[in-house]
């Protein structure tokens, strides 16, 4: 039963890249243990930037059309994907990112990470562009996928707010991302860590979605209230859709000598940043899961989150400090009080091994097993 896992993303290995890196190794192992012929169809960008791909080059097939613009990508899948699958005897498809599912495609599973971006009418510059992207990646999956996996209960809750339909319930399955992190196994490395206490922000430089100006305001308040030279260190790349806003934000904060941007860093460096951070700050209000929260929890670090972020609770409840990002003085007071307390041991709600097993169960239902 040949099954294709489709895995792609554009730009640096941020949220989706981390997800693929953690899920693919145990998922491939589980599917192969069930004697399933697994193929991976990935964009050149994903193949190059995701470590998990490097060990499985024997089953990877690059799909250049995945790196085209959304309209060209959709056109290729609409007109050529079915024939492509037939030529390679692919009987079913599991989309692990950015699904494009149409009724004439092989039986398909679609993974939906986040619905919030489609709920913002002008997220991609205009209502028309945003609506078209939602139709390509979200609505087609909801209509035509045989199975739909949501990566968190927060994503499920938002989906029902945005696309309410009783017919969806029979298709949906929530499989939480793993809260464990392989980063903790990496050896220490040298990084330019400051002597002063500092907050670490991990993720793409999207000032609005990640509420980075509010993170700067929080550190300002911490500096004032504690009389200590707190710093803010930003780690992460930029997506093409928010690159202009990201660069404008970095230019705006450049005069602040206590804010430092390190760009995208490799996993050993990221692990070291987590180890040495005073706390991690992740003020996004709306996320599908929240990898920095889970990773920080694995390293036993406090995580300052927005009190509106439901997904953060699923990723690392025990180490969270919920604050209102719109009131930095109150937030700083709460953070300083909590940091004086002992960090509790975080209880992971799920592991990547458990997630892989659940994915494999759903994938195996796409094509009936021969008698």
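Data overview
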quantity: Selected residue (criterion: modelled with the lowest pLDDT) from residues of segment 143-152 that are surrounded by 20 or more Cβ atoms within 10 Å (Cβ to Cβ) and out of contact with any strand residue (DSSP E or B) (no Cβ under 6 Å at 6 or more places or on another chain); calculated: 152
quantity: So residue 197, is it in contact with a strand residue (DSSP E or B) (Cβ under 9 Å, 6 or more places away or on another chain), modelled with pLDDT of 90 or more, at negative phi and crowded, with 16+ Cβ neighbours inside 10 Å; calculated: yes
quantity: Segment 149-189: number of residues that are free of Cβ contacts under 8 Å to residues at least 12 places away in the same chain and part of a loop (DSSP other than H, G, I, E, B); calculated: 3
quantity: Verdict on residue 211 being touching a strand residue (DSSP E or B) at 6+ places or on another chain (Cβ under 8 Å) and buried (at least 18 other Cβ atoms within 10 Å of the Cβ); calculated: yes
quantity: Candidate set from segment 124-138 (those that are in contact (Cβ under 8 Å) with a residue 24 or more places away in the chain and farther than 30 Å from residue 354 by Cβ); member that is surrounded by the fewest Cβ atoms within 10 Å (Cβ to Cβ); calculated: 132
quantity: Unique match (being modelled with pLDDT under 95, over 22 Å from residue 177 (Cβ atoms) and either in contact with a strand residue (DSSP E or B) (Cβ under 8 Å, 6 or more places away or on another chain) or assigned by TED's automatic domain parsing to the domain that holds residue 159 (or both)) among 63, 102; calculated: 63
quantity: Unique residue being assigned to a loop (DSSP other than H, G, I, E, B), under 22 Å from the mean Cα position of the chain (by Cα) and either without any contact (Cβ under 8 Å) to a residue 60 or more places away in the chain or surrounded by fewer than 17 Cβ atoms within 10 Å (Cβ to Cβ) (or both) when the list is 237, 263, 246; calculated: 263
quantity: Checking residue 106 against (1) under 25 Å from residue 245 (Cβ atoms); (2) in contact with a helix residue (DSSP H, G or I) (Cβ under 7 Å, 6 or more places away or on another chain), the condition it does not meet; calculated: (1)
quantity: Residue count, segment 117-135 (criterion: more than 29 Å from residue 22 (Cβ to Cβ) and in a loop (DSSP other than H, G, I, E, B)); calculated: 4
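The values are calculated or read from the model by the stated rules, or taken from the named source; none is laboratory data. The shown structure was predicted, so the numbers you read here are calculated from the model rather than taken from an experiment. Every residue, glycine as well, gets a Cβ built from its backbone with ideal geometry; the counts of neighbours run over all protein chains shown.
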